[in-house]
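This report refers to the structure that appears directly beneath it.
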């Protein structure tokens with residue numbers, strides 16, 4: 001497995017070794033010892049989540065607050081997405097910056113997104129099966145989010161001429177400026 005650091009503090013891009021032959025392929029998607037050794041982290045994943053989305057679906061930007069914050073190891077099982085994450089840790093040198101990577105069933109890349117990030121993705125293929133591990137349990141009362149089309153963040157979701165399909169809940173999320181004001185008060 002190849003592991004490289006992302007642009008933002010604490011982010012890692014993981015590329016598994018793929019063993020292919022005329023039958024197909026095999027890869028080890030996760031091994032705690034290998035992950036810990038290559039990242040220098042000791043993460044204990046406790047929950048796996050999976051979603052299916054159709055082309056143009058945009059989910060995010062979501063996070064869990066306080067003691068329920070979650071680190072995630074995200075990947076695509078089938079299809080293709082633009083995976084986006086924003087550093088929302090006020091003490092971080094990369095606070096307010098975002099990073100994006102294309103994840104697909106072809107490239108098999110995974111992204112480790114540490115606690116203190118808002119996360120989302122846009123579906124670029126006809127459909128996608130998205131899978132992620134979390135190091136903390138989901139808690140409804142600790143949900144948070146930032147509006148996907150925030151003008152200050154200016155994220156290019158690479159949906160081109162496709163109108164994104166967004167939940168009512170995600171359309172009502174606050175701006176990054178509102179989020180910053182909330183955490184400083």
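The values are calculated or read from the model by the stated rules, or taken from the named source; none is laboratory data. Since we're looking at a predicted model, the values are computed, not measured. FYI the Cβ positions are ideal-geometry reconstructions off the backbone, even for glycines, and counts take in every protein chain you see.
Things to note:
- The set of residues from the stretch 71-114 being under 11 Å from the mean Cα position of the chain (by Cα) and in a loop (DSSP other than H, G, I, E, B) comprises 71, 114.
- Residues in the stretch 44-61 that are buried (at least 16 other Cβ atoms within 10 Å of the Cβ) and modelled with pLDDT of 95 or more were compared, and the one that is farthest from residue 147 (Cα to Cα) is 45.
- Residue check for residue 51: in contact (Cβ under 8 Å) with a residue 24 or more places away in the chain and part of a loop (DSSP other than H, G, I, E, B): no
- Of residues in the stretch 156-175 being within 14 Å of residue 62 (Cβ to Cβ) and in contact (Cβ under 8 Å) with a residue 40 or more places away in the chain, the one surrounded by the most Cβ atoms within 10 Å (Cβ to Cβ): 173
- All of 142, 127, 178 fail the test of being in contact (Cβ under 8 Å) with a residue 60 or more places away in the chain and more than 29 Å from residue 39 (Cβ to Cβ), apart from 127.
Matching residues to (1) touching a residue at least 12 places away in the same chain (Cβ under 8 Å); (2) over 21 Å from residue 117 (Cβ atoms); (3) surrounded by 10 or more Cβ atoms within 10 Å (Cβ to Cβ); (4) touching a strand residue (DSSP E or B) at 6+ places or on another chain (Cβ under 7 Å):
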position	(1), (2), (3), (4)
5	no, no, yes, yes
11	yes, no, yes, yes
15	yes, no, yes, yes
19	no, yes, yes, yes
23	no, yes, no, no
35	yes, no, yes, no
38	yes, no, yes, yes
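- Pairs, first at positive phi and at pLDDT 95 or above in the stretch 62-79, second crowded, with 18+ Cβ neighbours inside 10 Å and not in a strand (DSSP E or B), C-beta under 8 Å, six or more apart: 79/124
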